[in-house]
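The values are calculated or read from the model by the stated rules, or taken from the named source; none is laboratory data. Note that this is a predicted model, so its numbers are computed, not measured. All Cβ positions, even for glycine, are placed from backbone atoms using ideal geometry, and neighbour counts span all protein chains on display. Heads up: the accessible areas ignore ligands, DNA and RNA and are worked out on the full protein's heavy atoms, side chains in. Shrake-Rupley method; radii C 1.70, N 1.55, O 1.52, S 1.80 Å.
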Amino acid sequence: MTAKQRVVYELPADLDPNRLPKHIAVIMDGNGRWAKRRGWPRTMGHRQGVETLKELLRCCRDWGIEALTAYAFSTENWGRPLEEVDFLMALFERVLMRELREMMEEEVRIQFVGNLNALPASLQAKIEESMQSTRNNHGIVFNVATNYGGRQEIIRACREIATQVQQGQLNPDDIDEVLFEKHLYTAGLSHPDLLIRTSGEMRISNFLLWQMAYAEIYVTDTLWPDFDSSEFHQALCSYQKRERRFGKV
């Protein structure tokens, strides 16, 4: 499907375009359970989950959301069965190969955050190709958190800053939030305004721990493969009913 042929998602009339979140983060939970309920292998849930993510990305693009960050693979996910991990690595690579042309046509700028050095070399190459190819696109920023862990990210930043202090390049008194953020994987990205988690789990699972300080959180019992544009609409309705005070009155 080309950019001209693709479905265009119209912004629902009950949403205020001036009060939409600029940056949305999603924890895509429930792929395995979705497949199990149908008597299918977990891998089928992951396949359908990719299609759901594509629909959400296009919704965000059409509705004026500036950035979408998806929790694709955590540092803890290496503990899953080897067969599933290998499938996910291969799936990531196939999706990048298949979708790069459409991302270019639709002006998507894709970025990856996480410890990418631990990924298979072939996947690293595809990640680099996709980032370089889309770096000058001016549409939605699509951040893919891959081999990402919030605690690991913070420790990594602390080590980099400590090394600079040790080498005399930095005065400890100069360390503040602005400087710290420059050492995060997400340096240069805005913080998420809204976190969506599917499958009803009430936790953030080591995802963007620093960046989520003031994010609104929306949890739905819907499993990720069933999270369609209608479900997304409900999440945004909930968001627009909230009053964001950021610790103030």
Query raised in the report: With the chain treated as a Gaussian network of Cα nodes joined by springs under 10 Å, which of GLU93, GLU177, GLU107 yields the largest mean-square fluctuation?
Result: GLU177
Report task. Calculate for the chain the 222 nm mean residue ellipticity that helices alone would give, adding -39,500 (n - 2.57) per DSSP H run of length 4 or more and normalising by residue count, nearest 500 deg cm²/dmol. Result -> -13000 deg cm²/dmol
Report summary line: Straight-line reach check, LYS241, cutoff 25 Å on alpha carbons, 8 or more apart in-chain or any other chain, hits among lysines -> LYS22
Requested in this report: Run the quick spin-label model on ARG33 and ASP14: label points 7 Å from Cα toward the beta carbon, then report their separation in nm to one decimal.
Outcome: 2.6
**Report entry** Simple Cβ-charge dipole of the range 83-210, Lys/Arg +1 and Asp/Glu -1, about Cα centre, in debye nearest 20
**Finding:** 140
Requested in this report: Could you check how much of the accessible area of the range 1-118 is carbon and sulfur, as a whole percent, using a 1.4 Å probe?
Outcome: 51
Report task. Could you check which residue among GLY45, GLY79, GLY149 shows the biggest mean-square fluctuation in a GNM of the chain with a 10 Å Cα cutoff? Result -> GLY79
Query raised in the report: What's the FRET efficiency of ASP174 with LEU209 using the Cβ-Cβ distance as r and R₀ = 22 Å, to the nearest 0.05?
Result: 0.45
**Report entry** Phi-based couplings in Hz for the range 48-55 (Karplus 6.51, -1.76, 1.60; Gly and Pro marked x)
**Finding:** 5, x, 4, 5, 4, 5, 4, 5
Query raised in the report: Where is the GNM fluctuation largest for the chain (alpha-carbon springs, 10 angstrom cutoff): GLN111, GLN124, GLN166?
Result: GLN166
Report summary line: Under the Karplus relation with 6.51, -1.76 and 1.60 and θ = phi - 60°, whole-Hz ³J(HN,Hα) for the range 208-219, x at Gly and Pro, equal 6, 4, 6, 6, 8, 3, 10, 6, 6, 10, 10, 10
Query raised in the report: Under a 5 Å amide H to amide H cut-off, with H placed in plane at 1.01 Å, what residues pair with ASN206 once short-range neighbours are removed?
Result: none
Report summary line: With +1 on the Cβ of every Lys and Arg and -1 on the Cβ of every Asp and Glu, the dipole magnitude of the chain about its Cα centre, in debye rounded to the nearest 20, is 400
Report summary line: Here the relative contact order (percent) of the range 1-155, from C-alpha pairs under 8 Å and at least 6 apart, is 28
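Report the local net charge at THR43: Lys and Arg +1, Asp and Glu -1, summed over other residues whose C-beta lies under 14 Å from its C-beta.
+3
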Query raised in the report: Straight-line reach from LYS36: which lysines have Cα under 29 Å away, leaving out those fewer than 8 places along the same chain?
Result: LYS54
Query raised in the report: Roughly how many debye, to the nearest 20, is the charge dipole of the range 136-188 about its Cα centre, given +1 on each Lys and Arg Cβ, -1 on each Asp and Glu Cβ, and no other charges?
Result: 300
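If you take every residue apart from TYR214 with its C-beta less than 10 Å away from the C-beta of TYR214, what net charge results, scoring Lys and Arg +1 and Asp and Glu -1?
0
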Query - Selection from LEU223, ILE175, PHE246 lying farthest towards where the dipole of the chain points positive, charges on Cβ - result: LEU223
Requested in this report: Excluding GLY30 itself, calculate the net charge of residues whose Cβ lies under 15 Å from the Cβ of GLY30, where each Lys or Arg counts +1 and each Asp or Glu counts -1.
Outcome: +1
